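See structure below.
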Amino acid sequence: MSALLEVSELRAAYGAVRVLHGVDFSVNEGEVVVILGANGAGKTTTLRAICGMVDAHGRVAFAGRAVLGRKPEQIAAAGVAHVPQGRGTIVDLTVVDNLRIGAYSRRDKEVDTDIERWFSVFPRLGERSGQQAGSMSGGEQQMLAIARAMMARPKLVLLDEPSLGLAPIVTQMLFRTLGDLNRDDGVSMLVVEQNANLALGIATRGYVLETGTIVTSGSAEDLAGNDEVRRAYLGI
Amino acid sequence: MSLFLTQLMNGIGNGAVYASLALALVLIYRTTGILNFAQGEMALYSTYLFWYFTDRGMPVVVAILLTMVLSFIGGAAIERVVLRPVENSSPLVLVIVTIGMFLALNSIVQVQFGADIKTNLPRAYPKHVWRPGDVQISADTLVLVGVLIVVCFVLYLLFQHTKLGLAFRAVSSNPESSRLVGVPAGRMLMLGWALAAALGALAGCLIIPTIGLQASSMQSILVFSFAAAALGGFDSPLGAVVGGLIVGVAQSLTTQYIKSLSDIVLIVPFGLILVVLMVRPQGLFGTRRVERV
């Protein structure tokens with residue numbers, strides 16, 4: 001297995017406030033990697049640094065090429081899709097236009113076929129294809145955000161708190177779908193999540209981030225069995 | 001009655017010009033959130049280029065097209081060079097930048113082309129007035145309305161039926177998410193300014209020959225266009241067109257029927273802006289966002 005995403009010595013700050021103090025981790029091809037951590041640990045900043053939305057230092061290599069310092073649209077075109085926190089659907093566009101824009105970097109002719117595919121994976125989106133994205137419920141918008149990310153046919157999907165603000169039953173369904181996508185399509189994923197139970201359920205490996213530093217790492221089973229992790233993030 | 005209809009037609013003709021410029025304002029507002037106070041002076045500069053070309057013997061239609069192409073490039077350049085460095089500044093800073101451009105462009109045309117009135121602008125079409133019944137319909141009105149219809153149709157095709165248009169709408173709505181799916185947001189902002197500049201150039205080339213070209217030619221037109229955009233809603237292209245026509249008609253009817261106002265025509269747009277802001281701040285067609293979280 002080769003590392004699809006290799007992050008080393010990642011440092012980032014907002015003004016004088018340092019958020020990441022040298023973070024190291026990697027995602028191998030075909031893996032789902034989860035980053036656990038409390039509010040303010042730097043999880044979102046880590047994802048935003050990878051996709052070029054915040055200034056950061058250190059080294060981020062995607063598919064063997066350094067991407068730090070490149071523009072978000074270039075990193076996206078290289079095959080990194082990002083489902084941002086709060087979903088980031090384009091609220092003024094219809095559902096189907098959101099999916100179309102997801103395929104912006106593609107040059108092939110199979111965009112419509114893919115749209116049909118995501119309508120079958122998420123039937124609710126198909127029913128609402130002509131509706132403005134902003135008028136849908138939180139769960140539907142999260143499905144749309146994931147489908148839109150997948151429209152790019154990415155090699156790696158970054159998911160930032162996909163369960164945030166959703167009903168437990170919707171969250172479970174989403175994670176089941178994410179697990180299926182990873183298994184069937186071989187899409188690698190980097191998931192940042194507070195709901196550690198669900199996230200570790202689909203993950204291969206995980207890292208624990210505390211105030212800008214990785215403090216623990218291991219396989220999903222090890223982390224789920226780790227007493228400290230259980231106390232802090234699994235609420236057991 | 002025929003007087004009323006004649007004035008109505010005149011108003012629609014003027015309204016078509018306001019609508020074109022209001023569309024330009026909307027294009028820029030939707031992409032960059034900026035009220036472009038320099039829109040009129042950008043069109044003014046374009047019209048001086050048009051005058052320069054035709055003064056040297058270029059055929060009128062060719063000169064208009066060339067002017068639009070150069071304005072398109074110029075508009076993109078303005079976004080890239082003048083606005084990009086301050087794009088994340090406060091709205092106040094952005095307004096000041098566009099007002100600065102207004103003053104700069106206004107001075108530049110006077111230095112570059114002279115401060116005298118240019119009266120020798122050629123018209124793209126013959127002067128003619130039709131008289132069905134007692135109503136008078138001038139060729140100006142027909143051409144201006146015809147051009148507006150064509151412009152609207154072209155913009156509609158561009159925005160609703162092309163990938164570029166979809167990307168443009170996506171960036172207008174949510175630049176960050178658009179960049180995350182690979183849309184080059186910066187280039188879309190340049191496109192907005194470029195289209196606005198070309199649209200302003202077209203409006204200028206058509207209307208200014210009927211009123212004479214000097215440094216102040218576009219100023220009152222811009223005020224009417226702002227009123228049109230405020231009335232229709234700054235984020236609505238449809239609103240810009242409807243607003244433009246309403247303002248044009250309101251202007252021509254007011255000056256016809258209320259003699260005391262005929263010397264202070266600008267009271268019409270300012271009055272409209274005031275009423276709209278008090279009663280329906282988002283404009284007739286503007287959207288108050290419906291968004292669930």
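Coordinate-derived values only; no laboratory data. The structure displayed is predicted, hence computed values, not measured ones. All Cβ positions, glycine included, derive from the backbone under ideal geometry; neighbour counts span all protein chains shown.
Can you pull the semi-axes for chain B, root of five times each eigenvalue of the Cα gyration tensor, sorted largest first, whole Å?
On the way: eigenvalues 179, 112, 68 Å².
Gyration-tensor ellipsoid for chain B: 30, 24, 18 Å.
If you find the alpha carbon centre of region B:14-83 and of region B:169-210, how far apart are they in angstrom? So the separation of the two Cα centres works out to 12 Å.
Once every Cα of region B:58-202 carries one equal point scatterer and solvent is ignored, give the base-10 log of I(q)/I(0) from the Debye formula at q = 0.08, 0.11 Å⁻¹, two decimals. So the normalised log intensities are -0.34, -0.61. When all C-alpha to C-alpha distances in chain A are sorted into bins of 10 Å, what percent of pairs does each bin hold, rounded to whole numbers? Reading upward from the zero bin: 8, 33, 37, 19, 3, 0. For A:Pro72, the shell of other residues with beta-carbons less than 11 Å away shows a net charge of +2, using +1 for Lys and Arg and -1 for Asp and Glu. Would region B:59-134 count as rounded, prolate or oblate if I go by the C-alpha gyration tensor, calling it rounded below 1.5 in a/c and otherwise prolate when a/b exceeds b/c, oblate otherwise? Because a/c hits 1.5 or more and a/b exceeds b/c, region B:59-134 counts as prolate.
What FRET efficiency, computed as 1/(1 + (r/R0)^6) with R0 = 25 Å and r the Cβ-Cβ distance, is obtained for A:Arg124 and A:Asp184, rounded to the nearest 0.05?
Details: r = 20 Å, r/R0 = 0.80.
With R0 = 25 Å, the Cβ-Cβ based efficiency is 0.80.
The C-alpha radius of gyration of region B:148-293, expressed as a fraction of 2.2 N^0.38 Å, stands at 1.22. Mind running the shape call on region A:125-180? Use the C-alpha gyration tensor, a ≥ b ≥ c as the square roots of the eigenvalues: rounded below 1.5 for a/c, prolate if a/b tops b/c, oblate otherwise. Oblate is the answer for region A:125-180, as a/c is 1.5 or above yet b/c matches or exceeds a/b. The ellipsoid that matches the Cα gyration tensor of region A:1-55 has semi-axes, each √(5λ) in whole angstrom, of 22, 12, 9, with the longest given first. Taking 7 Å steps out from each Cα toward its Cβ at B:His161 and B:Val69 produces label points 2.5 nm apart. Please count, across the protein assembly as shown, the pairs of lysine residues with Cα atoms under 29 Å apart that sit 8 or more places apart or on different chains. Number of lysine pairs found: 10. Mind pulling the angle between the C-alpha long axis of helix B:163-173 and the longest principal axis of chain B? Nearest 10 degrees, somewhere in 0 to 90. Compared with the principal axis, the helix lies near 80 degrees.
Rounded to whole Å and ordered largest first, report the semi-axes of the equivalent ellipsoid of region A:122-236 derived from its Cα gyration tensor (root of 5λ).
Working: eigenvalues 157, 48, 30 Å².
Whole-Å semi-axes of the equivalent ellipsoid: 28, 16, 12.
Using just the Cα positions, wrap region B:177-258 in a convex hull and report its mean projected area in square nanometres, one decimal place.
Details: hull surface 28.4 nm².
One quarter of the hull surface, i.e. the mean projection, equals 7.1 nm².
Per-residue extension of 0.36 nm, minus the Cα-Cα distance of B:Gln110 and B:Gln219, leaves a gain of 37.8 nm for this segment. When restricted to Cα atoms, region A:1-131 yields an Rg and a Dmax of 16.9, 48 Å, respectively.
Where a ≥ b ≥ c are the square roots of the eigenvalues of the C-alpha gyration tensor, would you call the protein assembly as shown rounded, which needs a/c under 1.5, or, failing that, prolate if a/b is larger than b/c, or oblate? Can you show the working numbers first?
Working: a/c = 2.72, a/b = 2.33, b/c = 1.17.
Because a/c hits 1.5 or more and a/b exceeds b/c, the protein assembly as shown counts as prolate.
Taking amide H positions as modeled 1.01 Å from N, with prolines and chain starts lacking one, the residues under 5 Å from B:Asp235 and 5 or more places away or on another chain are B:Thr287.
Exposure proxy for B:Val111, A:Val229: other Cβ atoms within 10 Å of each Cβ, ordered fewest to most, give B:Val111, A:Val229.
Using only the Cα atoms of region B:233-272, construct the convex hull and provide its projected area averaged over every direction, in square nanometres to one decimal.
Over every viewing direction, the Cα hull of region B:233-272 projects on average to 2.7 nm².
Placing dummy labels 7 Å off each Cα toward the beta-carbon, the span from B:Ser89 to B:Ile211 is 2.9 nm.
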